[in-house]
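Report on one structure; see the data block that follows.
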Amino acid sequence: MRRAKTWLTILLIACACMLASCQSVRKEEEKNSLRIGISLYRGDDTFINNLCSILEEKAKEYERENGIKVTLDIQDAKGSQNTQNNQVERFIALECDVLCINLVDRMDASVIIDRAMTAGVPVVFFNRQPVEEDMERWNQLYYVGVDAKETAVLQGQMVVDLYKEHPEAIDRNGDGVVSYVMLEGETSHQDSLIRTEWSVQTLKDGGVPIEKITGGIANWERSQASALMEQWLSEYPDTIELVISNNDDMALGAIDALERAQVSGVNIVGIDGTIPGLEALENGSLLGTVSANKEIYASAIVELAASCVLGETMPEEYPLIDGNYYWASQEILIHEN
Amino acid sequence: MISKGGKWLLFLYVAFLALLFLMCSTDLIIREPEREIYQIAVIIEDVRSDNYSNFRKGMDQAAMEFNVDVHLITLYEKSDVEQQMELMEREQQDGADALIVVPADEEQVAEKPMVVPVIFIQPGFMEKTGAGDIVIDYEQMGRRIANEMLGNMPTDASVWMLIDAAKQNGMDRRFLKGASDVFADAGCRTRVIERDEAAGFSLSAEANGRNEKVMLLAENAEILSEVSDMLSDNPAADGRFCGLYGRGNTVPILNDLDRGRISGICVTDDFSIGYLSVCLAVQTLEGKDNIPIMADFYYIEKENLREPEYEKLLFPIE
């Protein structure tokens, strides 16, 4: 009887070892390819569109360098959280190894997180940061973005530096006060509020005598910003000296309105360093912008997604803050006369 | 105390419940028809998918409707035929049920022996066909745009055809051939201007010292965008160049057409092509026969850009 028990135990251990080795072989096999499901909050957003193109390039670079096949499934949620939730469900059904999500509604990440946790699929959020409570729900949730306060401070600092060097270039009418209007992004986006607050605070701290004429929410959109600016130009003629915009697209909208009204001499600063923004910077219609290094931004998303799946540690050049956050570096770009 | 009859009734009731459970929640009695999810890989000839955004939308729409798993693959180098064939091989090995290929070189790629069915988006009628073909007749497209250019051409003007010889593919070649034939038949003076890898196009330098007016024809969307940007940054060139034409329907091209920087474009209905290519792949996998589909193309100028027919075509809603 005792002998039978011993044999039974040996048999069970042998079975367990076989199962474990099968599992590890499966894991080894999985390392040869990586399938990433990417959902964009809106594919027609210029910054997101630029970033997405670079993401595709970085995925190919990763594939070449590491010999791991990378397949990207890119979907546009068109501003609907419901659509994005369905896309996530489909990604999981299609056995994506990792999800990269540009949230539509940063307050509503719970459905995505629930589904990802149930399926055991890590999630890298980017550009639109989920609330902290959501991020703390699982250790396989990450965020890649830029530090909104740093962005705003750099935007403000750009104007402060110019004012100190050539006050007449900023205070165009020479009355000792810089009259500005503010173009804000979506109210539900964390960056919008922080960018608005800290760019103005930096101007004040830097000693620029500013006066706010008016401001408005243009939801990151060029057309909405253009309409607002057109209205302000007729309400406050010959008054606006500076336009502070939460992003480049809205700054371009303001430029469109100025061109239509044939008004010159208004300084405009943006954020993002999008391709059309950089073109405007080159031709001088945009005074300056703050640009995240999009190459590093996109690389960080791909590297983080890959390291989550392959169980590797994140490369040293992409340090994670608090274990889950990566902040991409930023720089000021100014029009050179 | 339950009687014997009651026990039987209870037993039958439990058995009935068990049967219902088995019928509803398992495949034991009524087997659910298993629907296979086909894996379809789409391999384009470009390094970026920007020019394929409407194609992609059509493809995704078909993927949802037919419950297939479609993914789009770009090349490391534009029009690198060797790499495209390697990728076809790789996708076949990785379990793709069918491939959709926009060939970098239609003749070489069509010759590649494949086990899985391949749907080709061909730039013209080919002798060797795939399991299904969607044909876009680029030569006819070139003829069409050349005829439109001739209709708008000032007397004594010449045409410069802008090419990138290093990255030229079958679509570009056929498009230019069609246009060249029309210009030759009309006795129109033409020049081929090659893009320099480092300096791009130096159109102003080329035009210096010439009094003639010049119409420009770009062989593909990238060149059309590049030249449009270049001319918009150099207003002085406006006097010499009296029209920029080409093919492609990316957002920057449409914006430039709207602004009047581009005079006319030829476009295809990319959404339908993307959708139909997936349909053809599914039909082939289901054992149905396919006949080649001829895709239409359209000539659009600023004036008709906002017509509902073209708006639907250029900005499709999924």
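Could you give the dipole magnitude of chain A about its Cα centre, charging the beta-carbon of Lys and Arg +1 and that of Asp and Glu -1, in debye to the nearest 20?
Result for chain A is approximately 2040 debye, rounded to the nearest 20.
Rank B:Asn67, B:Ala98, B:Met88 by how far each Cα sits towards the positive end of the charge dipole of the range B:55-106 (+1 on Lys, Arg Cβ; -1 on Asp, Glu Cβ) and give me just the farthest.
Value: B:Asn67.
Could you tell me what percent of the DSSP beta bridges with both partners in the protein assembly as shown are antiparallel, to the nearest 5?
Beta bridges within the protein assembly as shown, antiparallel portion: roughly 15 percent.
Evaluate E = 1/(1 + (r/R0)^6) for A:Lys149 and A:Glu235, where r is the Cβ-Cβ distance and R0 equals 30 Å; express this FRET efficiency to the nearest 0.05.
After rounding to 0.05, the efficiency reads 0.45.
Using only the Cα atoms of the range B:140-250, what do you get for the radius of gyration and for Dmax, in Å?
13.1, 35
For the range B:201-318, what does the equivalent ellipsoid look like in terms of its semi-axes, each the square root of 5 times an eigenvalue of the Cα gyration tensor, given largest first in whole Å?
36, 15, 11
How many Å² of accessible area per residue for the protein assembly as shown, probe 1.4 Å?
48
Taking a ≥ b ≥ c as the square roots of the Cα gyration tensor eigenvalues, with a/c under 1.5 meaning rounded and otherwise prolate when a/b beats b/c, else oblate, which class fits the range A:234-294?
Since a/c reaches 1.5 and a/b is larger than b/c, the shape of the range A:234-294 is classed as prolate.
Can you quote the Å³ per residue value for the convex hull of the Cα atoms in the range B:258-318, rounded to an integer?
Normalising the Cα hull of the range B:258-318 by residue number yields 88 Å³.
For B:Ala166 and B:Asp94, what does the FRET efficiency come to when R0 = 35 Å and r is the distance between their Cβ atoms, rounded to the nearest 0.05?
0.70
How long is the gain from A:Lys78 to A:Asn283 if the chain were fully straight, where each residue apart is worth 0.36 nm and the alpha carbon distance is subtracted?
Full extension from A:Lys78 to A:Asn283 adds 70.6 nm.
Mind running the shape call on chain A? Use the C-alpha gyration tensor, a ≥ b ≥ c as the square roots of the eigenvalues: rounded below 1.5 for a/c, prolate if a/b tops b/c, oblate otherwise.
prolate
Could you tell me the relative contact order of the range B:103-196? Use alpha-carbon pairs under 8 Å, at least six residues apart, and round to a whole percent.
29
Hey, got the dipole for the range B:1-133? About the Cα centre, +1 on K and R Cβ, -1 on D and E Cβ, debye to the nearest 20?
For the range B:1-133, the charge dipole is close to 1420 debye.
Using helices alone, I'd like the mean residue ellipticity at 222 nm for chain B: each DSSP H run of four-plus residues gives -39500 (n - 2.57), total over residue count, nearest 500.
-13500 deg cm²/dmol
Towards the positive end of the charge dipole of chain A, with charges on Cβ (+1 Lys, Arg; -1 Asp, Glu), say which of A:Gly43, A:Ser264, A:Tyr163 has the farthest Cα.
Checked the options; the winner is A:Gly43.
Shielding by partners for B:64-73, please: the mean number of other protein chain Cβ atoms within 10 Å of each residue's Cβ.
Mean inter-chain Cβ contacts per residue within 10 Å come to 3.
Under the classification rounded if a/c is under 1.5, otherwise prolate if a/b is larger than b/c and oblate if not, where does the range A:149-191 fall, given a ≥ b ≥ c as square roots of the Cα gyration tensor eigenvalues?
The shape class here is oblate.
Can you give me the span-like helices of chain B, meaning DSSP H runs with 15 Å or more of Cα extent along the axis and Kyte-Doolittle mean at or above 1.0?
B:4-25, B:270-285
At a 1.4 Å probe radius, carbon and sulfur cover how many percent of the accessible area of the range B:232-318?
On the range B:232-318, the fraction of accessible area on carbon and sulfur atoms equals 50 percent.
Mind checking the dipole of the protein assembly as shown: about its Cα centre, +1 per Lys or Arg Cβ, -1 per Asp or Glu Cβ, Debye to the nearest 20?
Roughly 2380 debye for the protein assembly as shown.
Measure nothing but the geometry: give the 0 to 90° angle between the long axis through the Cα atoms of A:110-119 and the longest principal axis through the Cα atoms of chain A, rounded to 10°.
Once rounded, the angle reads 20 degrees.
Which value at 222 nm does chain A reach when only helices count, each DSSP H run of 4 or more adding -39,500 (n - 2.57), with the total divided by all residues and rounded to the nearest 500 deg cm²/dmol?
That comes out to -16000 deg cm²/dmol.
For A:Asp105, what accessible area in Å² do you get when you roll a 1.4 Å probe over the heavy atoms of the protein chains, rounding to the nearest 10?
50
Ignoring everything but the protein chains, give the 1.4 Å probe accessible area of B:Tyr298 in square angstrom, nearest 10.
B:Tyr298 exposes around 50 Å² with every protein chain in place.
Please report, largest first and rounded to whole Å, the three semi-axes of the ellipsoid equivalent to the range B:140-192, where each semi-axis is the square root of five times an eigenvalue of the C-alpha gyration tensor.
Output for the range B:140-192: semi-axes of 20, 12, 8 Å.
Mind checking the full-extension length gain between B:Ala205 and B:Glu127? Use 0.36 nm per residue of separation minus the Cα-Cα distance, one decimal, nm.
Taking B:Ala205 through B:Glu127 to full extension adds about 23.8 nm, to one decimal.
State the antiparallel share, in %, of DSSP beta bridges confined to the range B:37-147, rounding to the nearest 5.
Percentage antiparallel, nearest 5: 0.
Taking the Cα centre of the protein assembly as shown as the origin and placing charges on Cβ (Lys, Arg +1; Asp, Glu -1), which of B:Ser272, A:Leu203, A:Leu99 is farthest toward the positive end of the dipole?
Of the listed residues, the answer is A:Leu99.
Considering Cα pairs under 8 angstrom that are at least six residues apart, work out the relative contact order of chain A and quote it in whole percent.
Over chain A, the number comes to 16 percent.
Which log10 I(q)/I(0) values does the range A:266-337 give at q = 0.18, 0.21 Å⁻¹ under the Debye formula, counting every alpha carbon as one identical point scatterer?
Log10 of I(q)/I(0), two decimals: -0.71, -0.82.
How about the range B:211-301: which trypsin sites (Lys or Arg not before Pro) there are in a DSSP loop, with at most 14 other Cβ atoms within 10 Å of their Cβ?
Here the sparse-neighbourhood loop sites are B:Lys288.
Would you calculate the convex hull of the Cα atoms in the protein assembly as shown and tell me its volume per residue in Å³?
Spread over its residues, the Cα hull of the protein assembly as shown gives 251 Å³ apiece.
Where both partners of a DSSP beta bridge lie in chain A, what percent of those bridges are antiparallel, to the nearest 5?
The answer is about 15 percent antiparallel.
What distance in nm lies between label points placed 7 Å from Cα along the C-beta direction at B:Asp229 and B:Ala184?
Distance between label points: 3.4 nm.
If the cut-off is a Cα-Cα distance under 29 Å, which lysines reach B:Lys128, setting aside same-chain residues fewer than 8 apart in sequence?
Answer for B:Lys128, where 29 Å is the Cα cut-off: B:Lys57, B:Lys78, B:Lys112, B:Lys167, B:Lys177, B:Lys288, listed by chain and number.
The values are calculated or read from the model by the stated rules, or taken from the named source; none is laboratory data. Treat the numbers as computed from the prediction; the structure is a model and nothing was measured. With ideal geometry, Cβ positions are generated from the backbone for all residues, glycine too; neighbour counts draw on all protein chains shown. Ligands, DNA and RNA are stripped out before the accessible areas are found, and what is left, the full protein with its side chains, is counted by its heavy atoms. Shrake-Rupley method; radii C 1.70, N 1.55, O 1.52, S 1.80 Å.
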